[in-house]
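S.K.: A single structure is presented below for examination.
The values are calculated or read from the model by the stated rules, or taken from the named source; none is laboratory data. Since this is a predicted model, take the numbers as computed values, not measurements. Note: ideal-geometry Cβ built from the backbone for every residue, glycine included; neighbour counts use all protein chains shown. Accessible surface is based on the protein model in full, side chains and every heavy atom, while ligands, DNA and RNA are left aside. Shrake-Rupley method; radii C 1.70, N 1.55, O 1.52, S 1.80 Å.
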Amino acid sequence: MTVLETIQRSAEFLTRKGVESPRLNAELLLARVLSLPRMRLYLEFERPLAAAETDLMREWVKRRGLREPLQHILGGSNFCGFEFRVDSRVLVPRPETELLAEAAWQYLNSREGEPVVLDYGTGSGCLAVTLALKAPKCRVLAIDVSPDALEVARGNAQVHKVDGRISFILSDRLVAVTPGAKLDLIVGNPPYIATEEVSRLEPEVRLFDPLLALNGGIDGLDHYRFLAAEAGGWLSESGKVMLEIGDGQEIAVRELLEKQNWIVEAEIKDYNQRPRIIVACQR
Ligand code: GLN
């Protein structure tokens with residue numbers, strides 16, 4: 001089979017399996033099998049595949065057809081231009097979270113001295129590591145309730161050589177973080193799916209992202225409720241929180257924060273023009 005035939009057949013198979021963007025998925029998988037940049041495939045449409053290449057491609061397309069995320073098959077995910085290793089121990093980083101990262105590093109870089117930021121539920125470490133890279137003076141506390149996730153995050157910090165500036169802390173919510181830590185910023189993309197809705201998510205998410213990284217309690221708002229009530233005790237006087245929220249949660253989250261004496265300073269919209277990041281400080 002040639003490159004072009006392989007792409008076409010794989011894309012047809014993935015279409016039948018309900019995969020979104022089947023052609024793009026087929027191309028990205030084949031590009032990796034052949035160790036080529038994706039665009040080079042277009043110059044090599046007539047190239048025949050070797051048997052080993054066909055076998056590997058078949059195996060990967062089959063996995064993708066079972067709705068395993070592309071990032072798990074390829075072993076990594078790009079976040080803010082950096083490569084992160086991901087597997088089923090952590091949530092696959094999402095593009096909207098890049099908006100949170102950008103707002104956070106801009107804020108950290110505007111602070112004097114060595115600001116301290118806490119990443120609430122670090123997962124793959126995509127936020128913690130990106131902030132350490134983009135805000136070279138900050139120190140990062142990366143917390144997670146999952147020891148498995150912390151292992152992934154630590155590995156990603158080592159790859160990017162910022163493990164010396166990140167403390168990884170196994171913590172259920174903030175219990176293991178010293179109260180009065182005087183953080184300049186708490187960032188987080190907490191689990192925000194309502195428990196009942198988890199079973200209705202796409203298979204890539206429902207079957208392959210850890211439930212712990214998704215489930216935000218009965219109404220999905222458990223972590224915002226907790227942070228609204230408690231996070232103030234860990235912040236410095238001018239400290240802020242920047243939180244990603246689920247689609248449609250802005251009014252509820254704003255209300256929770258305002259009830260606990262927070263001022264919502266900004267809402268950042270995602271690529272679909274929906275409010276996704278809430279920035280708040282203490283009154
Ligand atoms: N902080 C990680 C991310 O944004 C993990 C978030 C989570 O597991 N809910 O991707």
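S.K.: Ignoring ligands, DNA and RNA, please state the percent of accessible area on the range 25-64 from carbon and sulfur, probe 1.4 Å.
M.R.: That fraction is 57 percent.
S.K.: Excluding same-chain residues fewer than 8 positions from residue 240, which aspartates and glutamates have a Cα within less than 14 Å of its Cα?
M.R.: Straight-line reach from residue 240, under 14 Å: 119, 184, 230, 258, 265, 267.
S.K.: In nm, to one decimal, how far is the residue 170 label point from the residue 200 one, both placed 7 Å along Cα→Cβ?
M.R.: Each label point is offset 7 Å from its Cα along the Cβ direction, giving 3.6 nm.
S.K.: Right, here's the next one. Probe radius 1.4 Å, ligands and nucleic acids ignored: give me the carbon and sulfur share of the accessible area of the range 65-161 as a rounded percent.
M.R.: 48
S.K.: Label 7 Å along Cα→Cβ of residue 36; the range 1-19 residues with amide nitrogen under 16 Å?
M.R.: Only 1-11 pass the distance filter.
S.K.: One quarter of the convex hull surface, Cα atoms only: what value does that give for the chain in nm²?
M.R.: 15.3
S.K.: Work from the charge dipole of the chain (Cβ charges, +1 for Lys and Arg, -1 for Asp and Glu, about the Cα centre) and give the residue of 241, 175, 109 farthest towards its positive end.
M.R.: Projecting each Cα onto the dipole axis, the largest value belongs to 109.
S.K.: When Lys and Arg each count +1 and Asp and Glu each count -1, what net charge do the other residues less than 12 Å away from residue 95, Cβ to Cβ, add up to?
M.R.: So the surrounding residues net to -3.
S.K.: Per DSSP H run of at least 4 residues, take -39500 (n - 2.57); add these up for the chain, divide by its residues and hand me the 222 nm value, nearest 500 deg cm²/dmol.
M.R.: -12000 deg cm²/dmol
S.K.: Please list, ordered by chain and number, the residues whose modelled amide H lies under 5 Å from the amide H of residue 141; skip anything fewer than 5 residues away on the same chain.
M.R.: 117, 118, 119, 167
S.K.: Of 216, 180, 239, which is the most mobile in a GNM of the chain whose springs link Cα atoms less than 10 angstrom apart?
M.R.: 180
S.K.: OK, next. With θ taken as phi - 60° and the coefficients 6.51, -1.76 and 1.60, list the Karplus ³J(HN,Hα) couplings across the range 175-182 in order, rounded to whole Hz; mark glycine and proline as x.
M.R.: Once θ is set to phi - 60°, the couplings for the range 175-182 become 4, 8, 9, 3, x, x, 5, 6 Hz.
S.K.: Enter the angle in degrees (range 0 to 90, nearest 10) between the Cα long axis of helix 147-159 and the first principal axis of the Cα atoms of the chain, meaning the one along which they spread out most.
M.R.: Between helix and principal axis, roughly 80 degrees.
S.K.: For residue 124, list long-range residues whose amide hydrogen, built 1.01 Å from N in the peptide plane, is under 5 Å from its own amide hydrogen.
M.R.: 91
S.K.: Anyone know which of 243, 56, 256 comes out most mobile in the 10 Å Cα GNM of the chain?
M.R.: 56
S.K.: Tell me the accessible surface of residue 49 in square angstrom (1.4 angstrom probe, heavy atoms of protein chains only), to the nearest ten.
M.R.: 20
S.K.: Which whole-number value in Å² is the accessible area per residue of the range 112-160, probe 1.4 Å?
M.R.: Each residue of the range 112-160 exposes 35 Å² on average to a 1.4 Å probe.
S.K.: Work out from phi, with θ = phi - 60° and the Karplus expression 6.51 cos²θ - 1.76 cosθ + 1.60, the ³J(HN,Hα) of each residue of the range 57-64, listed in order in whole Hz, and give x for Gly and Pro.
M.R.: Result, rounded to whole Hz: 4, 4, 4, 5, 5, 4, 4, 4.
S.K.: In whole Å, how far is the Cα centre of the range 174-193 from that of the range 34-99?
M.R.: When both Cα centres are located, 33 Å separates them.
S.K.: In addition: Could you do me a favour and compute the accessible area per residue for the range 1-82, 1.4 Å probe, result in Å²?
M.R.: I get 54 Å² per residue for the range 1-82.
S.K.: Now for a different question. Quick one: 3J(HN,Hα) in Hz for the range 259-270, Karplus 6.51/-1.76/1.60 with θ = phi - 60°, rounded, Gly and Pro as x.
M.R.: Values per residue, Gly and Pro as x: 4, 9, 6, 9, 10, 7, 8, 7, 10, 9, 8, 8 Hz.
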